[in-house]
Amino acid sequence: MNRFIKKSRIVVIFILLAALTTVYAATLFDMQLSENGLAAQSTADSPSYSSYYTVYADRGDILDRNGVLLVSSKPVYNVELYRTELLKSGDPNGNLFRLVETAKACGVEYTDTFPITSTAPFEYAAEMTASQTSRLAEYLDYFGLDTDISASDLIIWLRDHYGIDYTVSINDARQIIGLRYELELRVIINISAYVFAEDVSQEFITSILDQNIAGVHISTRYERQYHTPYAAHLLGYMGKMNAEEYEVYAEQNYSMDASVGKAGMELAFEQYLHGTDGAYTVTYNAYGEPIRTTTVSEAQAGGNVYTTLDINLQAAAEEALAEKIAALNATREDDEELATGGAVVVVDVSSGETLACASNPTYDLATFRQNIAQLDEDETRPMWNRATQGLYNPGSTFKMVTSYAGLKTGTISPDTYIYDEHTFTKYPDFQPSCWSPTSHGYLNVVGALRDSCNFFFYWLGDTLGIDAINSAATQFGLGSSTGIEVGDVDGHLATPEYKQEALNEGWWAADNLLAAIGEGYGQFTPVQLADYVAAIANGGTVYKLTLLDKVVSADYTTVTYQSRREVRSTVDDSEGYIEVLQQGMEAVASEGTASEMLADYDIKVAAKTGTTQSDTSSVNTGVFVCYAPADAPEIAIAVVVENGGSGSALTDIAKDILDAYFSSRSSGQSPSEGALIR
């Protein structure tokens, strides 16, 4: 018997092996397409498989300096769809139809961004978003479809593509197509998981779980909950990442569908508040039944941020500001312009800690999402933080800077007296007068601050020149960011360079006179004004303003970060000239332009009023600054009201804040650390 195999048989065997290999490779390829979501159907006899799921981390709380809870997170339940499991079910279209019908029965709105009308006759959505347009284009390109395909033809193609039986009505088929399109998009262009519905009711969850609809998962996410109607501009809000943000946060292992801080402290303290998501896998058998769950990593909640805010003081500031603006407007004649808004800032003079920072008009974070369109269109700009972003001429509150420059350069001494001639007549074509109809007589610098004598400062500014004035302003931190974590604008000093750039005009002697009294081209934010006055109060240290006190662990047991004082500039006061400024400000409160409200106040106050002409209104803007107690300073306050009339008209705002601050200290009204956390 011949045991040798003929060559012809070997050739046949190799041909059969090649054919089997080809069939096997094709089968694997088809299975891979099904797993990736690009095949129309899948078979129930596929092997077991595993799916990866995220466990979303709880975001940290935000509290005030006394432990009062301002923002926390509450769990919300979302319905997510996973395509692989859906396809493995053997009836993906039927499962999706049941899910949609259940959502309708429970009154649940679900995500369907497929840009074709929901009922026949089908047309493309009249107003597609940029995202819908780009995603549809990528979808059509992926499958080689004509970009000019009509809506009805695309529906027909998709019905066949997804294997939707023709016994299903065309409108019902459109519902299924919308969901299949959403799922397939997430594979084609690699976008985040498909959240079918957000913040759903227990009724809906129970209904879909009872039906055991394949591919449906209930995820727990966390939604911000606000425990105060105040400090909206400071606390800020959350939102889904855009493409630019994802490029940054992807490096920190954020999931593609993570929500991040968009403004305020939510953005500034994102690194502390954001937790670390966990993960687990579920292994399913060939019929989509779970057979094993494996923990990949545990979710870790974010840290809790204690801020420097005193929410009671913040409330007092917001209410006093709103009441004053309303009172001013109530007295305006029909042809007079109204006060349009304002800001109040309160800082600790010994540390730069921001105790209150109010902007008016404001908005409600609890209803922010529902009202965002109206807020964006509101001409009063309620979402604009005037305290950190608004630029205002300081008016006469700048006169302490000019005084310091005069003393420091030796142009004047504390005993230099200048006679107020009422009108400064040195220049024939510019002869400004003092605000008072009569002369203040002979004044030294303390008296000039007390009476806010413009003539004194016209003379001093003319003698000094702008460089000496700006040198002093820079030492006091004006014209540069305070460093506050929620972000502020730099503002700008009155300089020849700025005027040339802004107006293409040269610098004149008149500009020195205006700069000396806080008019002209120098503009600063309310937070800068508060920081500047705090430096006068503490003897010359300009602190970086901060809203961060400390960060503690998720369980409140460990301090993980403690904020430290930071100095951003120091005033050279070796000769003790700041004490002269303090004397002048004390005189303003006791017998000068702020004395009507503050002369008999229980606590000694140092203050300065300011009034500045508006470029856009016939009504002046009012500015007021102060610190207290004058003999042992603790807090500094800056107030600005657009079209407020005068600085002296705003002293009652500061008085209300001083009342709130000192009464709470004397009565011990602030809650103890952590008292209102739980």
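The values are calculated or read from the model by the stated rules, or taken from the named source; none is laboratory data. Only a predicted model underlies this, so the values are computations on that prediction, with no experimental measurement involved. Neighbour counts run over all protein chains shown; Cβ positions are idealised from the backbone, glycine included. When the accessible area is computed, the model is the full protein with side chains, heavy atoms only, and any ligands, DNA or RNA have been set aside. Shrake-Rupley method; radii C 1.70, N 1.55, O 1.52, S 1.80 Å.
Quick notes
- Here segment 449-499 is the region considered, the condition is being farther than 22 Å from residue 412 by Cα and charged (D, E, K, R), and the residue that is surrounded by the fewest Cβ atoms within 10 Å (Cβ to Cβ) is 497.
- Residues of segment 258-291 classified as part of a strand (DSSP E or B) and either of a type in the set (Gly, Ala, Ser) or in contact (Cβ under 8 Å) with a residue 60 or more places away in the chain (or both), total: 11
- Set side by side, the residues 211, 225 differ, and just one is out of contact with any Cys (no Cβ under 8 Å at 6 or more places or on another chain), within 17 Å of residue 91 (Cβ to Cβ) and polar (S, T, N, Q), which is 211.
- Beta carbons closer than 8 Å, at least 6 apart along the sequence or on distinct chains, pair a first residue in segment 533-547 that is under 9 Å from residue 578 (Cα atoms) with a second that is open to solvent by 10 Å² or more (accessible area, probe 1.4 Å) and modelled with pLDDT under 95 for 539/573; 540/572; 540/573.
- Note on segment 159-178: among residues that are assigned to a helix (DSSP H, G or I) and hydrophobic (A, V, I, L, M, F, W, C), the one that is surrounded by the fewest Cβ atoms within 10 Å (Cβ to Cβ) is 170.
- Residue pairs meeting the criteria (Cβ under 6 Å; at least 6 apart or on separate chains; first in a loop (DSSP other than H, G, I, E, B), in segment 414-427; second open to solvent by 50 Å² or more (accessible area, probe 1.4 Å) and not hydroxyl-bearing (Ser, Thr, Tyr)): 425/431
- Qualifying residue in segment 556-579 (condition: open to solvent by 10 Å² or more (accessible area, probe 1.4 Å) and in a helix (DSSP H, G or I)): yes
- Looking at 340, 331, just one residue is open to solvent by 60 Å² or more (accessible area, probe 1.4 Å), touching a residue at least 40 places away in the same chain (Cβ under 8 Å), polar (S, T, N, Q) and more than 27 Å from residue 224 (Cβ to Cβ), and that residue is 340.
- Of residues in segment 361-412 being assigned to a helix (DSSP H, G or I), open to solvent by 30 Å² or more (accessible area, probe 1.4 Å) and polar (S, T, N, Q), the one farthest from residue 523 (Cα to Cα): 370
- Of all residues in segment 580-595, those satisfying the criterion of being part of a helix (DSSP H, G or I) and within 39 Å of the chain's Cα centre (by Cα) are 581, 582, 584, 585, 586, 588, 589, 595.
- Qualifying residue in segment 130-141 (condition: closer than 20 Å to residue 206 by Cβ, of a type outside the set (D, E, K, R), outside any loop (DSSP other than H, G, I, E, B) and within 41 Å of the chain's Cα centre (by Cα)): no
Each row is one residue, and each column tells you yes or no for (1) open to solvent by 10 Å² or more (accessible area, probe 1.4 Å); (2) of a type outside the set (Ser, Thr, Tyr).
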position	(1), (2)
180	no, yes
191	yes, yes
197	no, yes
201	yes, no
218	yes, yes
228	yes, no
252	yes, yes
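- If you go through segment 230-244 and keep only what is open to solvent by 40 Å² or more (accessible area, probe 1.4 Å) and more than 20 Å from residue 305 (Cα to Cα), you end up with 240, 242, 243, 244.
- Each residue in segment 118-131 was checked for being closer than 24 Å to residue 79 by Cβ and surrounded by 14 or more Cβ atoms within 10 Å (Cβ to Cβ), and 1 of them qualify.
- Here residue 436 fulfils each of the conditions (1) part of a loop (DSSP other than H, G, I, E, B); (2) at pLDDT below 95; (3) farther than 24 Å from residue 650 by Cβ apart from (3).
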